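What follows is one structure encoded as C-alpha cells, with my remarks underneath.
The values are calculated or read from the model by the stated rules, or taken from the named source; none is laboratory data. In this text the structure is predicted, and so the values were computed from the model without any measurement. Reconstructed Cβ throughout: ideal geometry from the backbone, glycine too, with neighbour counts over all protein chains shown. We work out accessible area using only protein heavy atoms, side chains counted, and drop any ligands, DNA or RNA first. Shrake-Rupley method; radii C 1.70, N 1.55, O 1.52, S 1.80 Å.
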Amino acid sequence: MHRLFRLLSLVLACLLLFPLSACTPSTPDEPTPPDEPTPEQPDDTPSTEETPTQQPDNTPTEDQRRLKTLGLCVSEGGLPTTRTAIDKRFEEYKDMGITAVRIDTAWGSPSEGVWQMSDATRAYLDAAKKHGLKLKLILPTVMAPPAWLSAREGARLIDYNGRASINTVSYWYDGIKQYVAGALRAQLNAIVKGGWADVIGAVIVDMGPAGEPLYPPAWTQVSNGLDSSNNGEEVMWCYGDNAQRDFREKMQQKYGAIGDANAAWGTSYASFDALRVPRPGEVKGALWGDVLTWYRDTKREFMDMQVSTFRTALKDAALEDCPLILYLPGADVTEAQWQAAAAAGNAPTAIRICCDNSYSVQLADRYGCYLQYTGITSTHELRTLRKYMVENGYGDIPVFGENAGGEDAAADIQLLVDIIKQYKLYGIDYTHTRWLYQADGKTHHPRHAKLAALLPQLSDYLDTVDITQPPELSLSEAAPDGDVLRLDLTFTLPEGETFAFAFFPLCSLSFDIEDGDTLEYDVCISEDFWGVGAIDGSFADGKTLRDNYGLTDTNGLRVHPNADLSDFCYPEWHHRSIKLGTAATDGQTLAQLQLAAHPETRDGLFGMQEVTVFYDNIVIVRDGEVVHEVFRDEGDVALQPPLMTRHGTGILSIDAYY
C-alpha cells in the first residue's frame with residue numbers, strides 16, 4: 001500500500017507538471033472553411049482580464065481523516081468495568097477532544113470454537129457507538145491462549161530451565177495458524193453481528209505478550225516464578241520438543257551432511273539426531289550464530305503468518321478496509337550487537353526476547369499496515385527507528401506514538417507531544433487512562449486537564465504534518481573540547497558476588513533546584529560495558545540522585561549508575577541530559593556531585609574488567625541557559641581520591657581531548 005502511495009504521488013506530480021492537453025496526440029492541420037475568416041495571429045498586447053487562479057484542493061482524504069481520528073487516542077487500561085462508569089468515561093473523552101480509544105477486548109473460551117464476549121467489552125463497544133468514538137481493538141489470539149489450548153502438547157513455549165510460558169502460543173505448535181484463524185473469525189463475527197462494525201477504527205495485530213512481537217519478557221511471566229527476588233532473568237524460549245526437532249531439521253536443510261555442519265561449527269556430532277539447542281554461554285561462533293538466526297527467523301515467519309491471517313479474517317468479515325496496526329517495541333537490536341553476541345556465545349536481553357523493529361517496518365510496508373511505537377520517551381531508539389525508515393524508503397508509513405505504561409513515562413504530557421512533533425509521529429496513544437484519574441477512578445488528576453489543553457495543539461499539528469518529509473533527527477550533540485576528565489577503572493569481581501562500584505567526588509555545591517532544571521554532560525566510554533559513565537549526587541537532606549525521586553535522562557534511562565549507557569556513548573561521545581527539576585525535587589538543594597560506576601552481572605556475565613570513561617562539559621541548565629558550570633577545563637574541579645569503592649579501583653585525572 002505504501003509503495004503504491006509513493007507511485008501515485010509521483011504520477012500526480014507528473015500530471016501537475018504536464019497537463020493532459022499537452023499529452024494529447026497531435027493531428028495534422030485542417031484547412032480553414034472558406035466561409036470563415038482566417039483567424040488572426042494573436043498580438044503581444046497583454047489581456048486586461050485576470051485568469052482565475054485554481055485553488056488547491058485541501059480537502060483531507062479518507063485515509064487522512066482516519067489517521068487523524070486514530071492519532072488523538074487514549075488507551076483504556078482495564079478500568080472502569082461497570083457499564084455506567086464506562087459510559088461516563090467515554091463521554092468525558094469525547095468532551096476532551098479524544099477521538100479514539102484503544103481497548104483490550106476480553107473473551108471467554110471454555111472449549112474449542114466457543115468464544116464469549118465479556119460484559120465489559122460489550123459496554124466499551126456500546127459506549128464508543130453512543131459517543132461517536134472509534135476503537136483500536138486488541139483481539140487476543142496468541143497473547144492469551146485459553147486453557148484448552150495450553151493443555152495441548154507443544155502449544156506452550158519452553159525456556160532453557162524447562163518452564164512453560166503463561167502466555168504466547170508456541171511458534172512451533174503445528175495448529176497455531178488454524179487456532180488464530182478460528183479465534184479471529186469468531187471474535188469478528190460477534191462484533192459485526194452485534195452492530196459494532198462501524199466503531200472499529202483499527203485492529204492491533206496480536207504478535208505475542210501484550211501484543212508485541214517478542215518472545216515472552218520476564219515481566220509478563222509474573223506467576224511463573226520469574227519475578228522472584230533471586231531470578232528475574234530474561235530467558236530464551238526455544239527448548240520444547242517441537243522446537244528442538246525443528247532446529248535439527250533446519251540445520252540438516254542448511255548443511256546437508258553432519259560432517260559439513262561439524263566443519264563449520266568446530267564440533268563432532270555423530271548425526272543431526274544428536275544435536276540439541278545449546279543454552280547461552282555453552283557454545284559460540286558459527287553454531288551459536290545459527291541458533292540465534294533460527295530463533296529470530298522462526299519468529300519472523302510467525303509474524304508474517306499472523307499479519308496475513310488477520311488480513312484474511314478482516315476480509316472474510318467484510319472489513320477489508322479496516323487498517324491493521326503493528327506494535328514496535330521501545331528497543332531494537334543492531335547488526336553489530338547481533339554479530340557480537342554470536343561471536344561471544346551470549347544473548348543480551350534484546351536478543352533473548354528478540355526485538356526486531358526493522359522487520360516489523362518491512363511487514364507494515366508489505367501489507368499496508370500502520371505502526372505504533374510503544375515507548376516514545378526512549379528517544380535514542382526512536383531516532384534510530386525513524387532514521388532507518390527514512391533512509392530505507394519507509395518514511396511514509398504512519399507511526400503512532402505511545403508512551404510506556406508506567407506512571408513515570410505518562411507524567412510529562414508536554415514532553416510526549418514535543419517528541420511526537422519532533423519525530424513526525426502520527427499522533428498520540430496516551431497510555432493508560434488511569435494516569436488521568438485519581439485512585440478512585442473518578443476524580444480528575446491534573447494530567448487530565450493538561451492532556452485536554454494539549455489536544456487542540458496536537459490536532460492542528462495533525463492537520464499540517466507531512467510524514468513523507470523526513471523528520472529533524474538531530475539531537476543535542478556532544479561537543480568535547482580542551483580538557484576532559486579521565487576516569488580509569490579496574491574491577492575484580494570475586495566468585496559469588498554480583499556487583500561492584502566506585503564513586504569519585506566531583507564537587508560540593510549548594511544549588512537550589514527548580515522545576516525543569518537539567519544536569520547535562522558529555523560522556524564517552526572505551527569499552528562496550530554497562531554500569532559506567534554516570535554522574536550521581538546527593539541533596540542537602542542526604543537523599544541521593546540514584547535511589548530517590550525516580551530521575552531519568554531524555555532516553556528514559558535511570559540516573560542510577562548501574563544503567564547501561566553503552567548504546568549511546570560507546571565508542572562515540574554522547575550528550576546526556578538528566579531532568580533534575582521535577583515536582584518531587586522542586587525546592588531541594590543539591591549538595592554534591594560524583595562520578596559514579598556500578599557494574600553488575602547480567603545473564604551470569606560481568607563483562608570487561610578495565611574501562612576508561614571520559615567526561616566533559618558538566619553543567620546545570622535552566623530554561624535553556626547554563627546556570628552552573630561544574631567542569632569544562634582544568635582548574636574547575638579539585639581531583640580527589642575515591643569516596644567509596646567495592647571490588648574496584650580507579651584513577652581520576654585531567655586529559656586533553658583528542
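Under the rule of at least 5 residues apart or a separate chain, name every residue whose amide H is placed under 5 Å from the amide H of Ile204.
Amide H neighbours of Ile204: Leu137, Ile138, Leu139, Ile325.
What FRET efficiency do you get for Gln362 and Gln178 if R0 is 30 Å and r is their Cβ-Cβ distance, rounded to the nearest 0.05? Working shown, then result.
Details: r = 26 Å, r/R0 = 0.86.
E between Gln362 and Gln178, to the nearest 0.05, is 0.70.
Determine the dipole magnitude for region 248-340: charges of +1 sit on the beta-carbon of Lys and Arg, -1 on that of Asp and Glu, nothing else is charged, the reference point is the Cα centre, and the result goes in debye to the nearest 20.
Values: 11 positive and 13 negative charges, 61 e Å.
For region 248-340, the charge dipole is close to 300 debye.
Residues of region 622-642 with amide nitrogen under 18 Å from the 7 Å Cα-to-Cβ point of Glu497?
Once the point is set 7 Å along Cα→Cβ of Glu497, 642 turn out to lie under 18 Å by backbone N, inside region 622-642.
Obtain the nm distance between the two label points defined at Ala151 and Glu391 by a simple spin-label model: each point lies 7 Å from its Cα along the Cα-to-C-beta direction.
5.2 nm
Bin all alpha-carbon pair distances of region 153-221 at 5 Å intervals from 0 and give each bin's fraction as a whole percent.
It works out to 3, 14, 20, 21, 16, 12, 9, 4, 2, 0, in whole percents.
Any idea what the relative contact order of region 501-625 is, in percent, if you count C-alpha pairs under 8 Å spaced at least 6 apart? Intermediate results must be reported in sequence, preceding the final value.
Working: 291 pairs, mean separation 57.6, N = 125.
For region 501-625, the relative contact order is 46 percent.
Using alpha-carbon pairs under 8 Å, 6+ residues apart, how would you state the relative contact order of the chain in percent?
Numbers: 1191 pairs, mean separation 77.4, N = 658.
Taking the mean separation of contacting Cα pairs over the length of the chain, I get 12 percent.
Protein chains only, probe 1.4 Å: how do Asp522, Asp623, Asp564 rank by accessible area, largest first? Before the final figure, lay out each step's value.
Numbers: Asp522 5, Asp623 140, Asp564 45 Å².
Descending order: Asp623, Asp564, Asp522.
May I ask you to give the solvent-accessible area per residue for the chain, in square angstrom, as obtained with a 1.4 angstrom probe?
Numbers: 31100 Å² over 658 residues.
With all protein chains present, the chain gives 47 Å² per residue.
How far apart, in nm, are two points set 7 Å out from the Cα along the Cα-to-Cβ line at Glu112 and at Glu625?
7.3 nm
Using r as the Cβ-Cβ distance of Thr334 and Lys130, and R0 as 41 Å, what FRET efficiency do you calculate, to the nearest 0.05? Please report the intermediate quantities before stating the final value.
Working: r = 47 Å, r/R0 = 1.15.
The value I calculate is 0.30.
Find the relative contact order for region 149-256 and round it to a whole percent, using C-alpha pairs within less than 8 Å whose residues are 6+ positions apart. Show your work: numbers first, answer last.
Details: 107 pairs, mean separation 34.8, N = 108.
Relative contact order comes out at 32 percent.
What order do Glu234, Glu610 take when sorted by accessible area (1.4 Å probe), most exposed first? Don't skip to the end; give the middle numbers.
Working: Glu234 30, Glu610 120 Å².
The ordering from most to least exposed comes out as Glu610, Glu234.
Would you calculate the volume per residue, in Å³, of the smallest convex hull containing every Cα atom of the chain? Could you put the intermediate results ahead of the total?
Working: hull volume 170.9 nm³, N = 658.
Taking only Cα atoms, the chain has a hull volume of 260 Å³ per residue.
Given the protein chains as shown and a 1.4 Å probe, how many square angstrom of Arg311 are accessible, to the nearest 10?
60 Å²
Residue by residue through region 564-571, what is 3J(HN,Hα) from phi via Karplus (6.51 cos²θ - 1.76 cosθ + 1.60, θ = phi - 60°)? Round to whole Hz and write x for glycine and proline.
Taking θ as phi minus 60°, the curve returns 9, 9, 5, 5, 9, 10, 10, x Hz for region 564-571.
Round to the nearest 0.05 the FRET efficiency obtained for Ala270 and Asp321 when R0 = 60 Å and r is the Cβ-Cβ distance.
According to the calculation, E is roughly 0.60.
When the accessible area of the chain is computed with all protein chains present and a 1.4 Å probe, what percentage of it is carbon and sulfur?
Working: 15640 of 31100 Å².
Carbon and sulfur: 50 percent of the exposed surface of the chain.
When a/c reaches 1.5 or more, the comparison of a/b and b/c decides; with that in mind, is region 403-454 rounded, prolate or oblate per its Cα gyration tensor? Please report the intermediate quantities before stating the final value.
On the way: a/c = 2.56, a/b = 1.87, b/c = 1.37.
The shape class here is prolate.
So if I take the centroid of the Cα atoms in region 562-579 and the same for region 265-306, what is the distance between those two points in Å?
32 Å
Based on the Cα gyration tensor of region 257-317, what are the three equivalent ellipsoid semi-axes, each the root of five times an eigenvalue, rounded to whole Å and given largest first? Don't skip to the end; give the middle numbers.
Numbers: eigenvalues 254, 30, 16 Å².
Result for region 257-317: semi-axes of 36, 12, 9 Å.
Counting DSSP beta bridges with both partners in the chain, what percentage is antiparallel, nearest 5?
Working: 60 of 87 bridges.
DSSP beta bridges in the chain are roughly 70 percent antiparallel.
Could you pull out every residue, at least 5 positions away or on a different chain, whose amide H is within less than 5 Å of the one on Arg546? Hs are placed 1.01 Å off N in the peptide plane, and Pro or chain starts have none.
For Arg546, whose amide H was placed from the backbone, the distant partners under 5 Å are Gly537.
Taking the Cα centre of the chain as origin and charging only Cβ (+1 Lys, Arg; -1 Asp, Glu), how large is the dipole, in debye to the nearest 20? Write down the numbers at each step before the final one.
Working: 54 positive and 94 negative charges, 678 e Å.
The dipole magnitude comes to about 3260 debye.
Given H placed on each backbone N at 1.01 Å, which residues far from Val484 in sequence or on other chains put an amide H within less than 5 Å of it?
Answer set, sorted by chain and number: Asp655, Ala656, Tyr657.
With the crude spin-label approximation of a point 7 Å out along Cα→Cβ, what separation in nm comes out for Gln414 versus His445?
1.8 nm
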